[in-house]
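Inspection log for the structure reproduced underneath, given as structure tokens.
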Amino acid sequence: MATEIFGSITVISDVGPTANSYSSVANIKEQWDKNPNIDYSLLDDETIAQLAILSTESLDLEYGANYSGALYNEDYALFWPRTGVHDRRGIIIDDYTVFPSDLANAVAAQAWWMNEVNLIGLQVDSGVSEVKSNDLEGLGGKEFFGVSDQLLASRKSPVSSGAKKWLDSMVLGGTSAYIQTMYRG
């Protein structure tokens, strides 16, 4: 991975105490290039760097306490690398000098999703933006979410389905939002 500087944003995707992303901007672009439905030509590298960091944070916020295995080093900034974890093929992940490729791919998927739903540009109050759109043929204007739209938006997962697929084997119980603990009575 790497340390990359884009304007005011520094992406540190090297394992260690200063890491802030599980994927480099170069890796994110490489993953996006594999998908013919993704056109990121209008995104500058600084925006992609911001998406890399925000995507890593969102994955850790959602799954950090439920990642499989144990922390490899408590002094490291992020929840990975971890010991006792298998990849999607069932092979134990034992290289603790880099982040697993599935995790980097999850960040790429999450970053594209965050871009598509414009999570960087939204001004969010209490977890839900009140503004649905802000365009009136170039003159400006606002359309506001109704109460039912706000409630629906507040229940949506903060993680994309693409990222969940990459992380499924790395999270205890998988990444489904509907997994519940069952007790035997």
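Computed quantities for the displayed model
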item: Extension gain, His86 back to Ala2 (0.36 nm per residue minus Cα-Cα distance, nm); result: 27.8 nm
item: Heavy-atom accessible area per residue - the stretch 1-86, 1.4 Å, Å²; result: 50
item: Computed FRET value (nearest 0.05) for Asp94 with Asn35, which takes r as the C-beta separation and R₀ as 45 Å; result: 0.95
item: Sulfur and carbon atoms: percent of accessible area, the stretch 1-101 [1.4 Å]; result: 49
item: Calculated diffusion of the stretch 1-123, Stokes-Einstein form, Kirkwood radius summed over Cα pairs, 25 °C and 0.890 mPa s, µm²/s; result: 166
item: Relative contact order (percent, whole number), the stretch 10-88, Cα cutoff 8 Å, 6+ residue spacing; result: 33
item: Per-peptide average of other Cβ atoms within 10 Å, ordering 72-83, 29-40, 105-116 highest first; result: 105-116, 72-83, 29-40
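The values are calculated or read from the model by the stated rules, or taken from the named source; none is laboratory data. What you are looking at is a predicted structure, and each value in this text was computed from that prediction instead of being measured. Ideal geometry is used to build each Cβ from the backbone, glycine not excepted, and the neighbour counts take in all protein chains shown. All accessible areas refer to the heavy atoms of the entire protein, side chains included, with ligands and DNA or RNA removed. Shrake-Rupley method; radii C 1.70, N 1.55, O 1.52, S 1.80 Å.
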